[in-house]
Amino acid sequence: MSSTVFMKMLVQMLRSSGSTLLLFFLTLLIALPLGLLVANGRMSRHRWLNWPVRAYLLIMRGTPLMLQLIGFMYIPGILGHNIWGGGDVGRMTATVVAFSINYACYFSVIYR
């Protein structure tokens, strides 16, 4: 492998790591408080709050994250209105929302 190819790969990996760190911190910023709300809803004695939260946990923990990512990314566009917008910002927004909702379930179990 030549050194120019190595340098191109290294630059691309450094650029991508910035996006990965942004995704990580945005997900934590949203998922931690959302997980606390979900944990409180799960421990609630009110059925009208407890049952929807249980269904949410069952669905989100029972489906693979990759399937959730695909659903969040493509289903709004298939239904006719892409709520995420276009380009890289839209993809990042859909990914942050999917990760946040998924990890809020796991954080709620930790909180409980």
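Taking the chain as a Gaussian network of alpha-carbon nodes connected by springs under 10 Å, the highest mean-square fluctuation of the residues Leu22, Leu14, Leu37 belongs to Leu14. Applying a DSSP loop filter and a limit of 15 other Cβ atoms within 10 Å to the trypsin sites (Lys or Arg not before Pro) in the stretch 7-71 leaves Arg45. Among complete DSSP H helices in the chain, those whose alpha-carbon atoms stretch at least 30 Å along the helix's long axis and whose mean Kyte-Doolittle hydropathy reaches 0.0 are 3-42, 87-111. Its residue count N fixes a reference of 2.2 N^0.38 Å for the stretch 1-73, and the Cα radius of gyration divided by that reference is 1.74. Using a probe of 1.4 angstrom and keeping all protein chains present, the accessible surface of the chain works out to 72 square angstrom per residue. Please name which of Ser3, Ile78, His46 has its Cα lying farthest along the dipole of the chain towards the positive end, using unit charges on Cβ (Lys, Arg +1; Asp, Glu -1) and the Cα centre as origin. Final value for the positive-end residue is His46.
Adding -39500 (n - 2.57) for every DSSP H run of four residues or longer, then dividing by how many residues the chain holds, sets the calculated 222 nm ellipticity at -30000 deg cm²/dmol. The portion of the accessible surface of the chain made up by carbon and sulfur, rounded to a whole percent, is 73 (1.4 Å probe; DNA, RNA and ligands excluded).
The values are calculated or read from the model by the stated rules, or taken from the named source; none is laboratory data. Computed from a predicted structure; not experimentally measured. Cβ atoms come from the backbone with ideal geometry, glycine included; neighbour counts cover every protein chain shown. Just so you know, the surface numbers come from the protein's heavy atoms only, side chains and all, with ligands and any DNA or RNA stripped out. Shrake-Rupley method; radii C 1.70, N 1.55, O 1.52, S 1.80 Å.
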